[in-house]
Amino acid sequence: MAPPMSATEFLDALKDEGVTVVEVGDWRHHNRNHKGPWGPVHGVMIHHTVTKGSERTVDLCRDGYADLPGPLCHGVITKDGRVHLVGYGRANHAGLGDDDVLRAVIAEKSLPHDNETNTDGNRHFYGFECENLGDGRDPWPEAQLAAIERVSAAICRHHGWTERSVIGHLEWQPGKVDPRGFTMASMRERVRDRLK
């Protein structure tokens with residue numbers, strides 16, 4: 001059972017891992033904590049945005065939509081590999097997912113197939129939205145993949161987790177396809193190698 005890092009610890013962990021960080025507004029206090037608790041945390045969840053254009057993507061992830069208020073993640077990873085911090089605390093990114101998947105993440109075991117939506121993921125996961133159209137054709141530049149690897153490793157390193165604590169939205173919630181364009185297995189390999 002892990003309490004979330006403080007915002008300062010989070011920022012320091014990312015920087016120590018070599019992440020290029022952009023702090024957006026009052027990100028440290030921008031959250032959805034009034035909707036429920038954040039923590040204990042158990043993992044890192046990776047998403048794609050289905051957007052194009054870094055500035056628009058960051059604004060959208062910070063502010064959200066009328067029916068889904070922001071922040072929509074903790075950090076937005078743009079094509080150039082920069083990580084824009086838009087919120088800290090509970091964020092509207094994971095939604096309801098499978099309790100069997102959460103148990104596997106906690107135990108750091110292979111993930112079962114996600115077939116239920118009975119558990120609040122916003123409470124238990126750090127979330128990163130990655131600028132990509134999500135059509136399987138929009139490229140993932142190496143700078144962006146390296147940033148995903150670094151943010152995931154930074155959080156795992158702080159909490160003493162392995163790469164098995166890093167999952168994709170598609171592994172959490174039935175019907176989701178993100179991130180599309182690379183596999184989470186390949187990303188977990190990268191995180192594992194970085195943590196060595």
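Does Gly39 fit the bill of being exposed (fewer than 13 other Cβ atoms within 10 Å of the Cβ), in a loop (DSSP other than H, G, I, E, B) and either touching a helix residue (DSSP H, G or I) at 6+ places or on another chain (Cβ under 8 Å) or in contact (Cβ under 8 Å) with a residue 24 or more places away in the chain (or both)?
Criteria not met by Gly39.
Considering each of Asp12, Asp80 in turn, give the residue that is acidic (Asp, Glu) and surrounded by 14 or more Cβ atoms within 10 Å (Cβ to Cβ).
Only one candidate passes the filter, namely Asp12.
So which pairs qualify, if the first residue must be in region 1-22 and within 20 Å of Gly43 (Cβ to Cβ), the second must be small (Gly, Ala, Ser), the Cβ gap must be under 6 Å, and the two must be at least 6 apart or on different chains?
Partner pairs satisfying both residue conditions: Pro3/Gly39; Pro4/Gly39; Ala13/Ala154; Leu14/Ala154; Glu17/Ala153; Glu17/Ala154.
List the pairs whose first member sits in region 168-196 and is on the phi > 0 side of the Ramachandran plot, whose second member is among the acidic types (Asp, Glu) and surrounded by fewer than 14 Cβ atoms within 10 Å (Cβ to Cβ), and whose Cβ atoms are under 9 Å apart, counting only residues at least 6 apart or on separate chains?
Gly181/Asp135
Can you report the number of residues in region 163-185 which are out of contact with any helix residue (DSSP H, G or I) (no Cβ under 6 Å at 6 or more places or on another chain) and open to solvent by 50 Å² or more (accessible area, probe 1.4 Å)?
Qualifying residue count for the region: 8.
Do we find a residue being open to solvent by 20 Å² or more (accessible area, probe 1.4 Å), within 29 Å of Glu142 (Cα to Cα) and either assigned to a helix (DSSP H, G or I) or not charged (D, E, K, R) (or both) anywhere in region 67-76?
No; the residues of region 67-76 include none that is open to solvent by 20 Å² or more (accessible area, probe 1.4 Å), within 29 Å of Glu142 (Cα to Cα) and either assigned to a helix (DSSP H, G or I) or not charged (D, E, K, R) (or both).
Among the residues of region 123-148, write down those that are crowded, with 22+ Cβ neighbours inside 10 Å and either assigned to a helix (DSSP H, G or I) or modelled with pLDDT under 95 (or both).
His124, Ala147, Ile148
Given the options Gly95, Gly18, Gly87, name the one that is in contact with a helix residue (DSSP H, G or I) (Cβ under 7 Å, 6 or more places away or on another chain), under 25 Å from Trp140 (Cβ atoms) and open to solvent by 40 Å² or more (accessible area, probe 1.4 Å).
Unique residue meeting the criteria: Gly18.
Residues being in a helix (DSSP H, G or I), surrounded by fewer than 22 Cβ atoms within 10 Å (Cβ to Cβ) and free of Cβ contacts under 8 Å to residues at least 40 places away in the same chain: count how many of those fall in region 45-65.
If we filter region 45-65 for residues that are in a helix (DSSP H, G or I), which is where we start, we get 54-63.
From what's left, surrounded by fewer than 22 Cβ atoms within 10 Å (Cβ to Cβ): 54-56, 59-60, 62-63.
After this cut, where a residue has to be free of Cβ contacts under 8 Å to residues at least 40 places away in the same chain as well, the list is 55-56, 59-60, 62-63.
The total comes to 6.
Could you look through region 98-107, keep only residues that are over 17 Å from the mean Cα position of the chain (by Cα) and over 12 Å from Pro174 (Cβ atoms), and pick out the one that is surrounded by the most Cβ atoms within 10 Å (Cβ to Cβ)?
Looking at residues that are over 17 Å from the mean Cα position of the chain (by Cα) and over 12 Å from Pro174 (Cβ atoms), I get Ala104.
Are any residues in region 157-196 among the hydrophobic types (A, V, I, L, M, F, W, C) and more than 14 Å from the chain's Cα centre (by Cα), and if so, which ones?
Trp161, Val177, Phe182, Ala185, Leu195, listed by residue number.
The values are calculated or read from the model by the stated rules, or taken from the named source; none is laboratory data. Only a predicted model underlies this, so the values are computations on that prediction, with no experimental measurement involved. For neighbour counting, all protein chains shown are included, and Cβ atoms are generated from backbone atoms with ideal geometry for every residue, glycine included. The accessibility values were calculated without ligands, DNA or RNA, using every heavy atom of the protein model including side chains. Shrake-Rupley method; radii C 1.70, N 1.55, O 1.52, S 1.80 Å.
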